[in-house]
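Each remark here refers to the structure printed beneath this line.
The values are calculated or read from the model by the stated rules, or taken from the named source; none is laboratory data. This one's a predicted model, so the numbers in the text were calculated from it and none came from an experiment. Positions of Cβ are generated from backbone atoms using ideal geometry, with glycine treated the same way; all protein chains shown enter the neighbour counts.
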Amino acid sequence: MSKRTKIIGLSVIILIVVVLIAKVVFGGPVFASEYTKVALKKNFSTAFNAHTSPKAGSTPSGLQGGESALAGNVLVYVYYAYQDYQAGHISKKQFLEVMQNTSGAIQAITNRFNAANKVVMTYPIKEISGSPCYYELHTDGSWLANTVNYTNLQPIIFNLITKMYQSQDPEQIYNDVKQYAVYMEQGTFYYNYNTQYGLDQINVGSFKPQWLFNNVDGDFNSVQKGLKEELH
């Protein structure tokens, strides 16, 4: 055995030892993203739910549209966990642990959505600026209206999320995450107008990560910072 071969062999052994030590000392998947590491915490949902209560004065229409965006803050973790699973940084078992750990947050969001959606779907439909809208009238005379297509898209989104969390197949789950992002991006067309223009270009086959990242509630990096500090 040459000297060079011995050095390479020794380097490999040292690397393996370092990785094993790191796993023992730090715990969890060493090379996974910080998002995946946070989502692998058993109390992820408890921490997430503690900071995502609806704002005072939130109305059914506001919640109906807002909760689908808030769900995106959770699905960002599923997205990163899948990337780590594909790269071999976590196992399938760990990926499914992420799904289990985040399911409590999704369930709380879904429950709020279902309650709000039930009310919104009873609102009258009025023509506003040339678009038919579900019209929410408040006791002080103010009102809120969301277009019919945008409103009708929300239950489709939550049916997809429910299906996603019933699956044990990482590939199907990731495909559903992409479909969620497609719906959210399409919803940006529907929010003020009922236009169909350009929707054929927004599909799973042409998926862009920003369709997920740009349609979450607020800044997902701020959510990550808070959770990381709380779950360290």
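Here is a yes/no grid of residues against (1) closer than 26 Å to Ile125 by Cα; (2) among the charged types (D, E, K, R); (3) modelled with pLDDT under 90; (4) over 16 Å from the mean Cα position of the chain (by Cα):
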site: His138; (1), (2), (3), (4): yes, no, no, yes
site: Ser142; (1), (2), (3), (4): yes, no, no, yes
site: Ala145; (1), (2), (3), (4): yes, no, no, yes
site: Val148; (1), (2), (3), (4): yes, no, no, yes
site: Gln166; (1), (2), (3), (4): no, no, no, no
site: Val177; (1), (2), (3), (4): no, no, no, no
site: Asn194; (1), (2), (3), (4): yes, no, yes, yes
site: Asp200; (1), (2), (3), (4): no, yes, yes, yes
site: Glu230; (1), (2), (3), (4): no, yes, yes, yes
* Is it fair to say Gly187 is in contact (Cβ under 8 Å) with a residue 60 or more places away in the chain, assigned by TED's automatic domain parsing to the domain that holds Ile125 and either of a type outside the set (Lys, Arg) or surrounded by 15 or more Cβ atoms within 10 Å (Cβ to Cβ) (or both)? -> yes
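One line per residue, one yes/no per condition, for (1) small (Gly, Ala, Ser); (2) within 25 Å of Val38 (Cβ to Cβ); (3) part of a helix (DSSP H, G or I):
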{"residue": "Thr162", "(1), (2), (3)": "no, yes, yes"}
{"residue": "Gln172", "(1), (2), (3)": "no, yes, yes"}
{"residue": "Val182", "(1), (2), (3)": "no, no, yes"}
{"residue": "Tyr197", "(1), (2), (3)": "no, no, no"}
{"residue": "Asp200", "(1), (2), (3)": "no, no, yes"}
{"residue": "Gly205", "(1), (2), (3)": "yes, no, yes"}
{"residue": "Gly218", "(1), (2), (3)": "yes, yes, no"}
{"residue": "Asn221", "(1), (2), (3)": "no, yes, yes"}
{"residue": "Leu227", "(1), (2), (3)": "no, yes, yes"}
* Has the range 129-142 got any residue that is over 15 Å from Phe113 (Cβ atoms) and in a helix (DSSP H, G or I)? -> no
* In the range 141-182, the residues that are of a type in the set (Val, Ile, Thr) and farther than 20 Å from Asn111 by Cβ -> Thr147, Val148, Ile173, Val177, Val182
